[in-house]
Amino acid sequence: MIKDNNENVKLYNDYEKNFSIIDGTLKDCPDIIRRKVILKTGKKGCFFFIQGLCDIDLFQRDFMMPLLDLEKLDPDDIKAIPYKLPVAGLTFPLVIDSLILDIMAGNTVFIGEGLNCGISCTLKKYEKRDIKEPDGEKSIRGDHDGFIEDMATNIATIRRKLKTPNLKFKDFTIGSMSHQTISVAYLENLANPNLLQIISDKINQIDTDSLIAIGYLEQIIADHPNSIFPQFLATERPDKAIAGLLEGKFVIMLQETSFVMIAPVTFHAFTQAPEDYSTHWVGASYLRLLRTVGLLIALFLPGIYIALLSYHYYMIPLPLLVSLAQSRTKVPFPPVIEAFLIEFMIETVREASIRLPSFITASVSIVGGLVIGQTAIQAGVASDLMVIIIAASAIAGFTMPTYDLGISIRLVKYIVMICAAIFGILGVVIPMVTLVAHLLVLDSLGEPYFQPIAPFKVGDLKDTYIRAPIKYLKKRPDIAKPKDKERGNKNG
């Protein structure tokens with residue numbers, strides 16, 4: 001709430017005093033318009049609204065003019081106002097603090113002489129971008145629409161694709177300064193009420209000025225905030241969110257952000273893409289296995305190569321070992337330093353490609369490829385095979401459909417490389433075992449993060465590393481503990 005002397009202070013019967021308090025609170029806010037008027041009854045009044053957030057045409061036609069033409073306007077007549085004004089969303093704030101919050105939220109508010117309450121209505125109109133496909137989540141055979149920063153549009157997008165009264169939205173207001181709305185979407189006939197209560201408790205405990213992006217919310221309500229692995233699936237794609245709702249999961253939306261969060265989720269959800277379900281099951285299974293292999297390559301290939309080259313060179317075939325020895329004669333660094341130099345160059349090119357304008361990204365990628373590749377080899381900074389190994393690892397990491405998991409993979413890869421340089425092949429095995437142990441203890445909204453492997457659930461394996469034919473996916477995954485585990489028309 002607004003922390004000033006007006007908190008919980010009711011409006012006075014004195015119009016001038018009410019106007020003075022509100023006007024003083026909103027001083028130095030040139031975007032807030034004060035439109036003073038004289039009613040038909042001869043009494044004074046004033047409209048407050050924010051320029052750029054109010055539909056001026058609707059304000060003048062449906063709110064201001066009908067209000068000015070009223071024959072009578074006093075506290076006894078307030079109950080009849082909704083029948084006389086052709087506008088929706090009418091409220092009558094009694095507290096100055098609530099009235100000011102309505103103004104800051106973009107509502108149009110009226111105060112008048114002889115009234116001890118305000119008249120607030122929703123006449124919002126502001127610029128918003130068109131619905132388009134998210135740049136970071138391209139679709140091949142799926143829908144090409146995406147969420148935007150307007151929550152009403154996002155809710156309408158979900159509602160348009162799920163035409164059922166079971167689709168519910170639970171709203172929360174957070175942020176002592178921003179007063180943002182968090183909306184939790186779920187299907188009432190599927191969602192587990194215990195998980196809904198857990199989400200509600202976590203959101204109600206948030207104490208902050210504002211949440212700039214959905215990532216802030218994710219870090220605050222995560223069960224394991226210090227883990228580098230994401231415990232909520234962030235997406236801009238409506239089809240992904242709707243698929244989660246149909247499995248009994250929850251979709252958490254934050255006002256003024258285009259990303260939504262799906263919870264609870266498993267580790268394997270971050271290696272799956274919506275196209276897996278619009279492609280033949282054989283092709284979809286192949287792509288999932290490809291991503292799994294890519295995940296292992298991205299994590300462990302550089303570490304294994306460093307271990308073999310530093311400690312276990314006798315395991316390398318002799319012809320290859322001779323070739324490696326010749327290529328490394330020009331390199332003055334040990335394998336781990338060489339690997340980190342190439343990784344550093346790749347990471348800087350990747351970051352530059354993200355931050356720079358799109359029309360010069362291609363040029364940066366070409367220059368970066370030449371520097372990292374042929375030039376580095378000729379200068380003796382890196383050997384031929386090391387460049388191939390690090391490049392293969394980087395490309396394998398690009399197969400991950402989610403950005404958050406890609407960051408986690410890179411961080412774990414660096415740990416494996418350091419351990420491999422110190423302990424050899426044992427330095428690859430120990431991080432591998434530690435990684436699995438860490439994934440086993442993680443959870444998302446209290447549900448095991450690494451299921452259906454641990455706890456082992458045979459039925460859910462049909463939609464994990466492979467994707468069984470659609471006709472065999474009759475049961476919903478157990479991660480969200482849905483009230484109805486069978487898919488079918490009876491759930492509509």
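The values are calculated or read from the model by the stated rules, or taken from the named source; none is laboratory data. Computed from a predicted model, the values in this text were never measured in an experiment. As a convention, Cβ positions derive from the backbone with ideal geometry for all residues, glycine included, and neighbour counts pool all protein chains shown. For accessibility, only protein heavy atoms count, side chains too; no ligands or nucleic acids. Shrake-Rupley method; radii C 1.70, N 1.55, O 1.52, S 1.80 Å.
Farthest toward the positive end of the dipole of the chain, out of Ser444, Tyr83, Leu246, is the Cα of Leu246, where the dipole comes from beta carbon charges about the Cα centre. In a reduced charge model with +1 at each Lys and Arg Cβ and -1 at each Asp and Glu Cβ, the chain shows a dipole moment near 1420 debye about its Cα centre. At full extension, Asn194 and Ser227 could sit 9.5 nm farther apart than now, given 0.36 nm per residue minus the alpha carbon distance. The largest accessible area among Asp76, Asp276, Asp55 belongs to the first residue in Asp76, Asp55, Asp276, and the rest follow in falling order (1.4 Å probe, all chains).
Listed by chain and number, the lysines whose C-alpha is less than 21 Å from the C-alpha of Lys10, apart from same-chain residues fewer than 8 away, are Lys27, Lys43, Lys44, Lys79. The packing ranking, built from the mean of other Cβ atoms within 10 Å per residue, places the peptides 417-425, 327-335 in the order 417-425, 327-335, highest first.
What Kirkwood radius, in Å to one decimal, follows from the Cα pairs of the stretch 25-136? By the Kirkwood definition, the hydrodynamic radius is 14.9 Å. The share of accessible area on the stretch 201-352 that comes from carbon and sulfur is 67 percent, using a 1.4 angstrom probe. Summing Lys and Arg as +1 and Asp and Glu as -1 over all other residues whose Cβ lies under 15 Å from the Cβ of Glu256 gives a net charge of -3. Between Lys40 and Asn166, the simple label model (points 7 Å from Cα in the Cβ direction) yields a spacing of 5.1 nm.
Accessible area per residue for the chain, computed on protein heavy atoms with a 1.4 Å probe, is 50 Å². The solvent-accessible area of Arg34, taken with every protein chain present and a 1.4 Å probe, is close to 70 Å².
At an R0 of 60 angstrom, the distance between the Cβ atoms of Lys27 and Gln326 translates into a FRET efficiency of 0.20. Computed from the C-beta positions of Lys72 and Thr173, the FRET efficiency with R₀ = 51 Å rounds to 0.90. For the charge dipole of the stretch 179-321, defined by +1 on Lys and Arg C-beta atoms and -1 on Asp and Glu C-beta atoms about the Cα centroid, which residue among Gln255, Ile304, His280 has the Cα displaced farthest towards the positive pole? Checked the options; the winner is Ile304. Exposure check, 1.4 Å probe, all protein chains in place: Asp384 carries approximately 80 Å² of accessible surface.
With a cut-off of 13 Å between beta carbons, the residues surrounding Leu299 carry a summed charge of +3, where Lys and Arg count +1 and Asp and Glu -1. Subtracting the Cα-Cα distance of Arg129 and Gln378 from 0.36 nm times their residue separation leaves 84.8 nm of extension gain.
Scanning the chain for helices, which whole DSSP H stretches are 18 Å or more long along the axis (Cα) and average 1.0 or more by Kyte-Doolittle? Membrane-span-like by this rule: 281-310, 384-397, 403-423, 426-441.
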